[in-house]
Amino acid sequence: MLPSLVPLLPTENDWITFDIPSLAQNFWSATFDGLTFGAIYALVALGYTLVYGVLNLINFAHSEVFIVGCYAVFFTLSSLGFGPSVPRLDIWAIILNLLLALVLAMVASAVTAFLLERIAYKPLRQRNAPRLVFLITAIGASFTIQYLIYLWRGPSPELALTMFRPTPIFDVFGTIVDSQQLVIIIAAVIMMVGIDRFISKSRTGRGIRAVAQDPDTATLMGVNKERIIITTFIIGGLLAGAAALFYVMKIPSGVQYSGGFVLGIKAFAAAVLGGIGNVRGALLGGLLLGLIGNYGQILLGNSQWTDVVAFVVLVLVLLLRPEGILGTSLGRSKA
Amino acid sequence: MSMTDGPTPLQTAAAEQAAEEREASSKAAGKSDLAQRGRRKPGYFSDRWHALSRQQQWAFLIIVVVLAYLLPLMNPPIITTEPGNNFALACFDMARFALIAVGLNVVVGYAGLLDLGYVAFFAVGSYCAAMLTSPDSPFLHIPYLWTIPIAMAVTMFFGVVLGVPTLRLRGDYLAIVTLGFGEIVRILATIIPAMKGQVGFQNVGHPPGTEADGTPIFSNSNGVPWYWLTLTIIIIVTLLVGNLERSRVGRAWIAIREDEDAAEIMGVPTFKYKVWAFAIGAAIGGLSGALFAGQVGFVNNQKFDVTTSILFLAAVVLGGAGNKVGAILGGALVSYIPLRFTAIAEYKYLIFGIALVLIMIFRSQGLLPARQRLLAYGRTALNKVTSREGTEPKDTDNPSAGPGTRAAGQRGAEA
């Protein structure tokens with residue numbers, strides 16, 4: 001019996017190997033890349049967090065809201081003449097084109113989010129359906145959209161588009177930071193700060209926080225709950241559309257029917273990591289998850305490990321600190 | 001006890017409540033009133049069924065079971081899936097889906113926990129069977145039948161590992177964690193060299209026994225013995241799950257499903273029973289995975305797409321969450337429809353995705369609603385109440401009038 005037990009422990013190369021020298025060597029480039037991914041996660045995570053804060057619902061279909069934005073970017077840019085090679089346009093023309101794509105993607109995603117809320121969630125809300133019903137509807141809606149795209153565009157990813165040639169801007173610790181990383185990180189952070197200000201200062205933002213804290217009392221105080229809910233979905237959609245542009249910029253070959261699904265799980269993990277329902281938590285969680293995922297990927301030597309690492313982080317956070325790093329409440333965030 | 005006679009898990013409690021209030025005046029008229037309104041109330045078939053005597057029920061059941069066993073041999077003309085698909089193999093596939101649905105029904109239907117990565121447990125079960133029997137794997141090799149309990153134990157272990165961190169929290173987290181787990185198992189099967197990715201494991205073992213001419217009885221191409229094996233397992237599992245359903249465990253699950261906070265306050269150790277439900281569901285998933293691996297004879301990373309989980313969920317929801325007969329029916333249908341109507345097979349994810357949304361919006365109790373009565377002493381209690389129906393029809397006519405309804409309504413309002 002004993003000799004046959006030996007193969008139970010195959011050579012260690014068959015399982016998981018840790019490549020520490022490679023991580024040490026690429027540490028800073030992994031950091032900047034991780035922050036770039038993290039910024040994209042954070043924008044999508046905001047959509048999860050806002051809806052969760054207001055409705056206590058995990059909006060599974062948010063990943064599809066995001067991928068619709070990606071397709072909008074793809075179609076806008078390819079009809080504007082962008083292709084796999086670097087476009088021969090001057091810098092201002094490129095910026096204008098990208099801004100147009102950004103606006104269209106945001107509109108496409110926001111419209112998707114709006115329709116989703118009206119068609120799938122509103123009938124349930126009016127009937128006061130139990131939570132399980134909401135969750136099953138959300139996952140059903142997510143798959144419906146995903147497979148509509150699948151039937152329309154097929155299983156293979158769309159043609160990769162190059163928006164501009166990333167040029168080195170400056171270097172830190174011997175690692176070059178290029179214009180692409182800089183554009184994504186800065187634009188995402190500006191949007192995030194804008195949303196944070198909007199939620200904490202504006203009249204609508206106050207309404208969102210009030211509904212998140214106590215929907216019934218908010219209604220009694222004259223807040224139009226329905227309008228707040230639809231606004232929340234639309235804001236989530238707008239941010240997902242913005243994330244879509246950066247995603248296509250960073251991963252040009254990622255426009256695919258199932259592309260939103262995997263990113264959605266990571267974005268949700270980011271939201272939980274930072275504290276779901278918390279706007280600043282989404283930013284922090286997104287950036288952290290981007291970093292952790294990227295380090296893990298280099299350490300373990302395969303890009304698919306990013307997803308595994310993100311998932312393990314999610315489970316660990318739930319195990320050790322389920323309220324996330326910054327705590328969970330949207331309603332109680334600072335005024 | 002009062003917790004067990006609540007409404008179905010997915011019933012729209014508030015709407016029911018409103019309807020109940022509207023009908024309050026006409027209630028005295030009892031059943032005939034509902035019939036006149038031309039509306040079949042939820043549980044129509046189950047009412048008819050419970051009106052039969054015990055002997056009639058047994059006779060009916062035996063006929064159904066015998067017919068089920070004979071199904072692949074009869075190959076009935078309109079029902080058959082040929083020429084597109086071999087009917088015996090299609091029967092096995094239906095049985096496999098039905099078994100999966102019975103397992104998932106424990107998690108989603110009884111305990112009200114949304115498990116979206118059920119395919120992962122199925123995958124773990126398949127890999128257990130494959131890695132312990134296939135000549136391609138470097139592991140210890142054991143006879144196929146031994147892998148079934150091992151696969152169940154391993155998946156149960158995974159269920160507990162995944163359940164313990166997430167089940168302490170609100171149910172929603174479980175949904176996304178299981179969804180992630182479903183995806184991760186597939187990725188790990190791809191990127192860990194020992195799992196052999198797309199190459200996979202060939203010649204997975206099968207139960208012993210050979211025909212007169214030396215070919216194995218349980219061959220990959222012959223679905224009939226596999227179908228009979230799976231059907232037998234379904235019957236055993238359904239009986240065991242039915243016993244659990246009527247026991248303290250089942251009552252605890254239903255209490256948790258209806259209102260977790262109330263259950264906790266009434267002294268139900270909710271966490272413990274949630275982990276139980278999750279682990280039992282996982283073990284049944286592993287069992288069906290091991291059967292699948294044996295029948296197909298080949299396991300690789302391509303068979304366990306997380307989207308398949310959605311078909312499993314659709315099976316449970318379509319049949320009626322919380323009803324084991326409904327789960328079997330739903331599982332068989334979800335597998336049968338794409339096999340029979342091959343023209344729409346390509347659209348099956350879309351169809352069942354839309355079906356999930358529509359069922360939730362319009363008929364959240366599914367085809368066969370969950371039983372709404374006292375489960376433990378249901379029969380005697382029901383008979384006593386129905387014999388007095390003329391004087392006080394309220395309790396039997398409107399099972400959703402239990403205290404659970406109000407609690408569920410409130411919970412919905414909080415959501």
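The condition (being touching a helix residue (DSSP H, G or I) at 6+ places or on another chain (Cβ under 6 Å), in a helix (DSSP H, G or I) and among the hydrophobic types (A, V, I, L, M, F, W, C)) is satisfied by just one residue among A:101, A:138, A:93: A:101. Pairs please, first residue from region B:262-273 and under 12 Å from residue B:168 (Cα atoms), second anywhere and assigned to a loop (DSSP other than H, G, I, E, B) and aliphatic (A, V, I, L, M), Cβ atoms under 9 Å, 6+ apart in sequence or on different chains. What qualifies is B:273/B:111. Out of A:22, A:78, A:29, A:63, one residue alone is modelled with pLDDT of 80 or more, part of a helix (DSSP H, G or I) and surrounded by fewer than 17 Cβ atoms within 10 Å (Cβ to Cβ). It is A:78. If you filter region B:129-141 down to residues that are away from chain A (no Cβ under 11 Å) and either of a type outside the set (S, T, N, Q) or under 19 Å from residue B:335 (Cβ atoms) (or both), you find that the one that is surrounded by the most Cβ atoms within 10 Å (Cβ to Cβ) is B:130. Going through region A:113-139 one residue at a time, which ones are touching a residue at least 12 places away in the same chain (Cβ under 8 Å) and either touching a Gly at 6+ places or on another chain (Cβ under 6 Å) or of a type in the set (Asp, Glu) (or both)? Scanning region A:113-139 gives A:113, A:117. Only residues that are away from every other protein chain (no Cβ under 14 Å), of a type in the set (Gly, Ala, Ser) and either closer than 17 Å to residue B:303 by Cβ or touching a residue at least 24 places away in the same chain (Cβ under 8 Å) (or both): list them for region B:172-219, please. Once the filter is applied, which keeps residues that are away from every other protein chain (no Cβ under 14 Å), of a type in the set (Gly, Ala, Ser) and either closer than 17 Å to residue B:303 by Cβ or touching a residue at least 24 places away in the same chain (Cβ under 8 Å) (or both), region B:172-219 yields B:200, B:205.
To keep it simple, each residue is scored yes or no on (1) under 26 Å from residue B:89 (Cβ atoms); (2) among the polar types (S, T, N, Q).
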| position | (1), (2) |
| --- | --- |
| B:240 | no, no |
| B:256 | no, no |
| B:270 | no, yes |
| B:293 | yes, no |
| B:312 | yes, no |
| B:316 | yes, no |
| B:331 | yes, no |
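Against the condition part of a helix (DSSP H, G or I), touching a residue at least 40 places away in the same chain (Cβ under 8 Å) and away from chain B (no Cβ under 14 Å), how does residue A:327 come out, does it pass? It is false that residue A:327 is part of a helix (DSSP H, G or I), touching a residue at least 40 places away in the same chain (Cβ under 8 Å) and away from chain B (no Cβ under 14 Å).
Screening the candidates A:145, A:176, A:169, A:136 for the property of being modelled with pLDDT of 90 or more and among the aliphatic types (A, V, I, L, M) yields one hit, A:145. The residue of region B:343-363 that is farthest from residue B:305 (Cα to Cα), among those that are surrounded by 21 or more Cβ atoms within 10 Å (Cβ to Cβ) and within 7 Å of another protein chain (Cβ to nearest Cβ), is B:360.
For the condition under 14 Å from residue B:298 (Cβ atoms) and either within 14 Å of another protein chain (Cβ to nearest Cβ) or touching a Ser or Thr at 6+ places or on another chain (Cβ under 6 Å) (or both), residue B:126 does not qualify.
The test for being crowded, with 24+ Cβ neighbours inside 10 Å and of a type in the set (Ser, Thr, Tyr) holds for residue A:247. Being at pLDDT below 85 and closer than 26 Å to residue B:249 by Cβ holds for only one residue in B:343, B:277, B:321, and it is B:321. As a summary of the residue check, residue A:123 satisfies the conditions (1) of a type outside the set (S, T, N, Q); (2) surrounded by 18 or more Cβ atoms within 10 Å (Cβ to Cβ); (3) more than 25 Å from residue A:82 (Cβ to Cβ) except for the one numbered (2). Restricting attention to region A:261-292 and to residues that are within 13 Å of chain B (Cβ to nearest Cβ), in a helix (DSSP H, G or I) and in contact with a Ser or Thr (Cβ under 7 Å, 6 or more places away or on another chain), the residue that is surrounded by the most Cβ atoms within 10 Å (Cβ to Cβ) turns out to be A:271. When region A:143-165 is filtered for residues that are polar (S, T, N, Q), in contact with a helix residue (DSSP H, G or I) (Cβ under 9 Å, 6 or more places away or on another chain) and more than 8 Å from chain B (Cβ to nearest Cβ), only A:162 remains. Residues in region B:46-91 that are surrounded by 15 or more Cβ atoms within 10 Å (Cβ to Cβ) and within 17 Å of residue B:330 (Cβ to Cβ): B:46, B:68, B:90, B:91. The residues in region B:231-259 that are touching a residue at least 40 places away in the same chain (Cβ under 8 Å), charged (D, E, K, R) and over 14 Å from residue B:109 (Cβ atoms) can be counted, and the count is 3.
Looking across region B:149-171 at every residue that is crowded, with 21+ Cβ neighbours inside 10 Å and facing another protein chain (nearest Cβ under 8 Å), the one that is modelled with the highest pLDDT is identified as B:162. Close contacts from region B:159-171, counting a first residue that is closer than 10 Å to residue B:276 by Cα and of a type in the set (A, V, I, L, M, F, W, C) and a second that is part of a helix (DSSP H, G or I) and modelled with pLDDT of 85 or more, with Cβ to Cβ under 7 Å and a gap of 6+ residues or different chains, come to B:160/B:275; B:160/B:279.
Restricting attention to region A:310-319, the residues that are more than 7 Å from every other protein chain (Cβ to nearest Cβ) and either modelled with pLDDT under 80 or in contact with a Leu (Cβ under 8 Å, 6 or more places away or on another chain) (or both) total 3. Any chance region A:213-225 includes a residue that's among the β-branched types (Val, Ile, Thr), buried (at least 19 other Cβ atoms within 10 Å of the Cβ) and assigned to a helix (DSSP H, G or I)? Taking every residue of region A:213-225 in turn, none turns out to be among the β-branched types (Val, Ile, Thr), buried (at least 19 other Cβ atoms within 10 Å of the Cβ) and assigned to a helix (DSSP H, G or I).
Here is the figure for region B:59-111: residues that are modelled with pLDDT of 85 or more, closer than 30 Å to residue B:179 by Cβ and of a type outside the set (Ser, Thr, Tyr) total 21.
One residue stands out in region A:107-133 among those that are in a helix (DSSP H, G or I), facing chain B (nearest Cβ under 7 Å) and not aliphatic (A, V, I, L, M): the one that is farthest from residue B:352 (Cα to Cα), namely A:127.
The values are calculated or read from the model by the stated rules, or taken from the named source; none is laboratory data. Note that this is a predicted model, so its numbers are computed, not measured. For neighbour counting, all protein chains shown are included, and Cβ atoms are generated from backbone atoms with ideal geometry for every residue, glycine included.
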